[in-house]
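Reading through the structure tokens given below for one structure.
The values are calculated or read from the model by the stated rules, or taken from the named source; none is laboratory data. Just so you know, these numbers come straight off a predicted model, no measurement behind them. Note: ideal-geometry Cβ built from the backbone for every residue, glycine included; neighbour counts use all protein chains shown.
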Amino acid sequence: MSLVNITLPDGSKREYESGVSSMDIAMSISEGLARNVLASKVNGEVWDASRPIVRDSDLSLLTWKDEEGKSTMWHSSAHLMAEAMEALYPGIKLAIGPPIDNGFYYDIDLMEHEVTEADLPKIEKKMIELARQKNQFARKEVSKKDALAYYEEKQDQYKLELINDLEDGQITFYTQGGFTDLCRGPHIPHTGFVKAVKLLSIAGAYWRGDEKNAMLTRIYGITFPKQGELETYLEMLEEAKKRDHRKIGKELELFTFDDDVGPGLPLWLPKGAFMIEQLEDLAKKTEKKAGYQRVKTPHIAKENLYLTSGHLPYYKDSMFPPMELDGSTYYLKSMNCPHHHKIFDALPKSYKDLPVRFAEYGTCYRYEKSGELFGLMRVRALQMNDAHIYCTKQQFADEFRAVNDMYLKYFKIFGIDKYIMRFSTHSPEKLGKKYVDNAKLWKETEDMVRDVLIESGIPYKEVPDEAAFYGPKIDVQIYSVIGREFTLATNQVDFAQPLSFDLTYTNANNESEHPIVIHRAPLGTHERFIGFLIEHYAGKFPLWLAPEQVRILPISDKFNEGCKNILQSLENYDIRASLDERGEKIGRKIRDAEMSKVPYMLIIGGNELDEGVVSIRKQGEGDQGKMKTEEFAEFIQQEVNKILAV
RNA sequence: GCCGAUGUAGCUCAGGGGUAGAGCGCUUCCUUGGUAAGGAAGAGGUCGGGGGUUCAAUUCCCCCCAUUGGCUCCA
């Protein structure tokens, strides 16, 4: 029997007989370790712990602590659920059941069966029952012919389709208990590792993600090796729900929707509108410093504008339907850029005028499909932190870099430290269909963007075939604290529209040339950004953004008059303060202020009024001692300036 | 747009073939209280909309609208 050298992650080497399994190796190290091994990683590939190793290999043992261990467990859990489903609902057809970031799902054609959320506990129970049998996951290589025959028998057209796409010789089946599934693996040693099961939701999903295909039933679930971990996870979900911007937005009276106004059309209540204005002030100051000029444009335009821009041919479906007026066809604008181009074109430009930077918090309307609307995150009326930069090729790199710097500056102000820049490029074979047909310019601009990104050391991920129709783009993906991922901002390069609008400037040689346009919106839309901020801060907005910064709470309403003077002093410092004049006890006033997440409370009774001081209570933190009224006002002012001075 | 769920007072929700309830909020009165809910009384709903079944519908059935979990999409 030959020997194999196994190298462990710490660099140590051990010798075993060829054909040894990862599990055998784990056993040889410690029995406790072996009990926790879910799978292994052999030469970088995740394997079943039972699979024989026949040559010298690097090995790491995967447990629940490893991401790959978790996903192996969840993948196996999907099989376990499928086994339970087959037992409970005979005749169902299985499609695919992969692990995901938090758990797993399985897409199933239920045939004549009906399964609702009320049935999930029943399925969970069956899964636990099967898990307790500690059935081993057995791997078997099968020929394509046998694999097809197996699913012919079951009349499972989904699996047949999957197998038909596979090469003979790479097809494996896994069997646990009485259940066999087409699967690449790997799997956990046996079902007994699954100790806690929660099926989370049931939803429709198109076969292979294509809306032309049949709708299957998708069941999402998650499993854990310990009951306690499941409970912790469920508590976390509850916490996340509490941060949901829709819930907090209602509680804090920031925005609302109304049936008579329409879906996806948010109404901003005074406090929400105030926050919008704060953001706009920030953006206006920042953009002014960066050399932007503000412009204003109407909400509608004639058809021809969008034919020129290319929006109508490419994006008609997501524009509101047209209005016919005086023999012309008008559309609600879904982008500000065509209007801005017309402003660029209104006056002749010399190379000495460039770069030109037009900024506008323009309101746009997009017809998002009804099922895509989601709180403030996906709406049909939106106001973008929009601007368009018109520059020469030589200026492009500097301009593009300056835009990226502006993004980073905002991230600092808002404490956004988790983000990814996605650099979306075009697919050459889709030129003229999805993308403007100009291969040379695509290459040039994509190279320029890539160069700037590499040069400025910004981490990015390149995604092919995701570009805008007029040029490559950078999307900034951010994550709210509750793990919701979304695209905050886009930064796009556009060489196509300057051509289609025939935008020109006169260069130093007295020749006419087309500028490059950069579309950028670091703060995205007000709607999405405020939605994000609500979840990011859990409604506890920083002082500069909080609609109400200070609430004065008199110990009893006897002191209301005295408190009015304090209110006046704070207002003289431009502090947004209010006075709780209700005849309630102080405990009650504090509770209400805490719940409205007012950053500072001032508790005022006879003592404070006599001494000319205020007793300060900080939201979420409690008593902060006393200060002179003016001193407190200056402190608040400084706190606000500190954040915005970044 | 597709599959599923939900829609009852301003909010959170209970109820259920005989025209409706709780808590909070709101109004009024009492209380004047020192760091997270003082007490009492009162107002407030064509039970999302439209049809149908029924002696009778908020409740059962159908259609629509909206919200929502996903899928697809997001210039």
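Details
- Residue list for the range A:403-459, filter: closer than 23 Å to A:PHE486 by Cα, assigned to a helix (DSSP H, G or I) and aliphatic (A, V, I, L, M): A:VAL403, A:MET406, A:LEU408, A:ILE413, A:VAL449, A:LEU453
- In the range A:205-216, the residues that are within 6 Å of RNA strand B (Cβ to nearest atom) and closer than 18 Å to A:GLY103 by Cβ: A:ALA205
- Of the strands (runs of 3 or more DSSP E) lying entirely inside the range A:525-618, those containing at least 1 residues that are within 12 Å of RNA strand B (Cβ to nearest atom) are A:550-554, A:600-604, A:613-618.
- Among the residues of the range A:311-328, those identified as surrounded by fewer than 15 Cβ atoms within 10 Å (Cβ to Cβ) and either more than 9 Å from RNA strand B (Cβ to nearest atom) or more than 20 Å from A:ALA381 (Cβ to Cβ) (or both) are A:PRO313, A:PRO321, A:MET323, A:GLU324, A:LEU325, A:ASP326, A:GLY327, A:SER328.
- Matching residues, the range A:208-230, being more than 16 Å from A:ILE92 (Cβ to Cβ), touching a Leu at 6+ places or on another chain (Cβ under 8 Å) and either without any contact (Cβ under 8 Å) to a residue 60 or more places away in the chain or among the hydrophobic types (A, V, I, L, M, F, W, C) (or both): A:ILE222, A:PHE224
- Check on A:GLU287, in contact with a strand residue (DSSP E or B) (Cβ under 9 Å, 6 or more places away or on another chain), without any contact (Cβ under 8 Å) to a residue 12 or more places away in the chain, among the acidic types (Asp, Glu) and away from RNA strand B (no atom under 13 Å from the Cβ): no
- Output for the range A:375-423, where each listed residue is out of contact with any helix residue (DSSP H, G or I) (no Cβ under 9 Å at 6 or more places or on another chain), within 25 Å of A:LYS241 (Cα to Cα) and surrounded by fewer than 17 Cβ atoms within 10 Å (Cβ to Cβ): A:LYS418, A:ILE420
- Matching residues in the range A:123-172 - criterion: being among the acidic types (Asp, Glu), buried (at least 18 other Cβ atoms within 10 Å of the Cβ) and part of a helix (DSSP H, G or I): A:GLU124
- Where A:GLU360 falls short, out of the listed (1) under 30 Å from the mean Cα position of the chain (by Cα); (2) at pLDDT below 95: (2)
- Scope the range A:276-296; condition farther than 12 Å from A:ASN385 by Cβ and either touching a Gly at 6+ places or on another chain (Cβ under 6 Å) or aliphatic (A, V, I, L, M) (or both); matching residues: A:ALA290, A:VAL295
- Residues of the range A:466-517 classified as touching a strand residue (DSSP E or B) at 6+ places or on another chain (Cβ under 7 Å), among the basic types (Lys, Arg) and in a loop (DSSP other than H, G, I, E, B), total: 0
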